[in-house]
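Data block below; observations after.
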Amino acid sequence: MVLSVASVYACVSRLNPFESIFGNRPVELAGRNAQRLGFKRAFGPTTHPIYFGMLIAVLTPWLVSFWQLSRTYAFRSLAFIAGAISLAGAVGTVSRTPTLTILGSAIGLLVVRFRAIRWPILITTIAVVTGFLLFPDKITDTVSHWTGGGDRLRVIEVDGNETEFSSSRSRLVLITAYSKALIKGGLTGYGSEAVSQFPPKIPYMQGKAEASEILAVDNAYILMMLRFGWLGAGCFVLTFITAIFSAAVLHNNKPDDLFPAAAAAMLFVVSTFSFFLVWMSYDFGFEILWTCGILSGLVSSHTRRRRAGNAMV
């Protein structure tokens, strides 16, 4: 909640309380006074507003746990207010991905809890995904325009072909731009050092026009595959599959416990949506892995208790 309050304060006052206390942060990734829709984009203690928003988003399951553990009306009200403030904090970064991550996670939690809304949500999701797959450029441009992107299209060369490009469309051309490098990366990839700066110092990208235009790989899966190859990307995906499965086991054991369902919803949205729009920066990546570790520990504890109970019988 402290992070969210700081985000809203920075967005409205244009002053970052973290910089006021700890000093200025580097500006390589985002300008100190970056704005969108006329508001300052809050970046808190992180290096980019989207990372700050994602940090807030991936911590929201713990607010659900706080709400459930609260025994009095006053504390439950406080937990509910904290959840609303968290959403406001993500909005304060004026980043689309974190805001949609929180909303998507909330919808996912409702889907787990209430069977009646599962089919309507599923049909709506399929319709949205189908529409995006059919008209990716149109939908991307429309969302960018509505949310203050205002990107001007320019023509760049991608894999030898002229392509209309903007900062919002950059995610759409990443697979095409890096396809050959991804295929040739093999099991272990090119290593972190080769992909630590942009343009990346890897085969099939050096000297290419798109390498100088696409200054970042805003896709966790592509970046993971470039750095650690198919093996690393596979382990990365497996981490989320096992964490979501662990949350499902905990939820099936105690359906009234909201934290596993909230964590599963958050991890599902992050892995199927957010990571196609942002790479897993250390600014919020630790909190994701920490949540995965907590779920693993809870499953191990549950398994030990069950085995101990069976042994007594």
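The values are calculated or read from the model by the stated rules, or taken from the named source; none is laboratory data. Here the structure is a predicted model, which is why all the values come from computation and not from measurement. Note that we place each Cβ from the backbone using ideal geometry, even for glycine, and neighbour counts take in every protein chain shown.
Brief remarks follow.
- Unmet criterion (only one of (1) assigned to a loop (DSSP other than H, G, I, E, B); (2) closer than 27 Å to His145 by Cβ; (3) within 22 Å of the chain's Cα centre (by Cα); (4) not aliphatic (A, V, I, L, M)) for Asn33: (3)
- Just one of the numbered conditions (1) part of a helix (DSSP H, G or I); (2) free of Cβ contacts under 8 Å to residues at least 24 places away in the same chain; (3) out of contact with any helix residue (DSSP H, G or I) (no Cβ under 8 Å at 6 or more places or on another chain) is not true of Phe236: (3).
- The C-beta contact set for region 262-291 (first residue touching a residue at least 40 places away in the same chain (Cβ under 8 Å) and acidic (Asp, Glu), second residue part of a helix (DSSP H, G or I) and crowded, with 22+ Cβ neighbours inside 10 Å, distance under 7 angstrom, 6+ apart or interchain) comprises Asp283/Tyr51; Asp283/Leu55; Glu287/Leu55; Glu287/Val58.
- For region 262-307, a residue qualifies if it is more than 11 Å from the chain's Cα centre (by Cα), polar (S, T, N, Q) and at pLDDT below 90, and the qualifying residues are Ser300, Ser301, Thr303.
- Residues of region 172-228 satisfying the condition of being modelled with pLDDT of 80 or more, part of a loop (DSSP other than H, G, I, E, B) and buried (at least 21 other Cβ atoms within 10 Å of the Cβ): Gly185, Gly189, Tyr190
- Residue among Trp279, Trp230, Trp290 that alone is out of contact with any strand residue (DSSP E or B) (no Cβ under 7 Å at 6 or more places or on another chain) and over 19 Å from Leu174 (Cα atoms): Trp290
- Only one of Gly83, Gly53, Gly44 that is surrounded by 21 or more Cβ atoms within 10 Å (Cβ to Cβ) and either at positive phi or at pLDDT below 85 (or both): Gly44
- Scope region 40-83; condition part of a helix (DSSP H, G or I) and under 13 Å from Ser7 (Cβ atoms); matching residues: Pro49, Ile50, Tyr51, Phe52, Gly53, Met54, Leu55, Ile56, Ala57
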